[in-house]
Every structure is written in C-alpha cells, then in structure tokens.
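Here the structure is laid out as structure tokens; the discussion comes afterwards.
The values are calculated or read from the model by the stated rules, or taken from the named source; none is laboratory data. Here the structure is a predicted model, which is why all the values come from computation and not from measurement. Please note: Cβ atoms are built from the backbone with ideal geometry, for glycine as well, and neighbour counts cover all protein chains shown. For accessibility, only protein heavy atoms count, side chains too; no ligands or nucleic acids. Shrake-Rupley method; radii C 1.70, N 1.55, O 1.52, S 1.80 Å.
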Amino acid sequence: MPFYIARQAPKLWRKICTETTIEISLVAENRRLLLAGIVFQYIHGLAAHGIHYLHRPGPTLQDAGFFLLPELGQDRAYVSETSFTFIFASFVLELVLLQWTIHPFVFQNKKIYTVLIWCRVLAYLVACQILRIFTFYSTHLPGPNYHCHEGSKLARLPHPKSAVELLVINFSRGVNYGCGDLIFSSHMIFTIVFVRTFHKYGTNRCIKQLAWLLAVVQSFLIVASHKHYTVDVVVAWYTVNLVTFFIDKKLPDLPERPTGLTSLPLLPQSRDWDSKNKEEHQILLTGVTVETAG
C-alpha cells in the first residue's frame, strides 16, 4: 500500500492543481451571480430586521400544530436551533467540502463542479427569499415565539435613531430573537434547498434518506418550539419545492465533469489492490515479475 501511494502522489498533486484551477476559473466566470446571491442574503436579513420594527404583539393564533405537538418550552427551544445548525453545517462542511471538493481527489467520483452547485443553491435561496419578503410584509401576524409575546422587551424594537442602526444587522440576534418574519419559515427554506440539492447531485443514498428524515424532524421541532406557526412550515414545504422545480426546468442542467478527469482512481479498489499485492509479493520472493515468468 505505501508503494502504491508513493507512485500515485504526483498524480494526486496534479489532480489537486487541475481541480483548483478549474474551480477558480468558474468562480471568475460566475462571480456576478455568486456576489449577487451573497449580497441578497444581507438584503433578506435587512428585510427581516425591518419587519421587527413593524411587529405588534398580540394573542397567539389558534394553530393545529400547537395542539397536536408537545410544547418544547422556552428552556428547550434550543433543540430546534441545534437541529437546524447541524443540517446547515453538515451541508456546508461535509456534503459540499467533502463530497464535491475533497472526496473526488481520492475516489474520483465527483460529477458536478462545486462552484456550479453553489450558483444553483443561491438561485434557489434568492427566489424563495424574494417570495418570503413579499409574503410577511403583506400580512403582519403576531409572533408565536415567547420573546414576541405582549410584555416582552424584545417583542418590539424602538424606532432606529439613525440609518446605521437600521442597516447594521446582528444576524445571530435576528435569527434567535426576530419577530414578524413568519410566512414562510426561513429555516425550512435553507433546509429543503440543501436537502433537495444533495438528493439531486449527491451520491450516497443512505445520507439522502437521512437528510429527508432530518428535514421532517426539523419541521416538527420548529412548530413544537413555537418559532413559527404550522402554516409557515407547510407553505415552505410546497413553495420551496415548487420554486426549485421551476428553476430546474427553466435553467439548463449543470454540466458534468469530463469523464477523462475521473477515469482512474487514486486509491486502489479491492480487486486491484489484491492483484498488485500478490504481484509485489511474488517479486519479493522470486525476483521476477509475472510478465517475465510468462
């Protein structure tokens, strides 16, 4: 095995250089789309921050999910956020960096370039977030979360004293203590987009099934923690799926990588390793190769 790795090390380095060069060139080609998608994440956060100024606390609306699901309570509200953080981090760190960036350097089964995956993901997110902004600004509902109830100091934001106060966003505070940005759930937008993307472009079937299961569990946790009404989650499920379906129909399929770049694995397969191991063992014992002996 060490002999095999030593022989393949130059190939691995060349492949890393080739992959990195291609990805950088794709970043340059798609820089405007990537930048626009990233900037819109700030715009979406700004819109959610703005609706908090307009939020007026009131009685919690009757909700089927609140009746059917056991309430997590204010002390265990972190469970929902922890679940979402796990899904988000898994997609960004493992399913993208490992599955589409690092993994192909070793096993050579990468099909789609990472930059193109991110372009498509940002297109999904921006389209869904535009619809979300129009929706929660159209009808203002009293927030069901505990800090959005009447009497809470966080239920209303004082009017901004300057434009800087309005434009500077504390994303962590907005995610955990925002009010008014209800229909539809932003957490479910990210969750469904990430799960759908990996379902379409990923390779591990077990992880795909687990991802969908986590998305369903996340839906129940959001309602049980009273972060959103049930309608916010239900609308997210069919809206995000319809938006991503429409975008996939309108945009061309992502081009796959040339097969020549993935023809030979850098690590030996089990059968290849067995044959090479036997051949090297024969050389050590007899001093001749199989071809010479023939």
First in region 225-253 and under 30 Å from A64 (Cα atoms) and among the polar types (S, T, N, Q), second anywhere and open to solvent by less than 40 Å² (accessible area, probe 1.4 Å) and not in a loop (DSSP other than H, G, I, E, B), Cβ under 7 Å, 6 or more apart | S225/S80; T230/G65; T230/V223; T239/C128; N241/I192; T244/Y124; T244/V193
Name the single residue, out of those in region 91-128 being among the basic types (K, R) and over 28 Å from F184 (Cβ atoms), that is modelled with the highest pLDDT.
-> K111
Among what's in region 1-20 and is open to solvent by 60 Å² or more (accessible area, probe 1.4 Å) and among the aromatic types (F, W, Y), pick the residue that is modelled with the highest pLDDT.
-> W13
Name the pairs: first residue in region 194-220 and open to solvent by 60 Å² or more (accessible area, probe 1.4 Å), second residue of a type in the set (V, I, T) and assigned to a helix (DSSP H, G or I), Cβ to Cβ under 8 Å, at least 6 apart or on different chains?
-> R196/V240; R196/T244; W212/V195
Look through region 21-71, keep the residues that are open to solvent by 80 Å² or more (accessible area, probe 1.4 Å) and polar (S, T, N, Q), and return whichever of them is farthest from the chain's Cα centre (by Cα).
-> Q62
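Scan region 72-96 residue by residue and report those that are charged (D, E, K, R) and open to solvent by less than 50 Å² (accessible area, probe 1.4 Å).
E81
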Filtering region 157-172 down to residues that are open to solvent by less than 70 Å² (accessible area, probe 1.4 Å) and outside any loop (DSSP other than H, G, I, E, B) yields A163, L166
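Out of L182, L154, which single residue is open to solvent by less than 30 Å² (accessible area, probe 1.4 Å), modelled with pLDDT of 85 or more and in a loop (DSSP other than H, G, I, E, B)?
It is L182.
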Filtering region 130-188 for residues that are touching a Pro at 6+ places or on another chain (Cβ under 9 Å) and farther than 22 Å from A36 by Cα leaves a count of 12
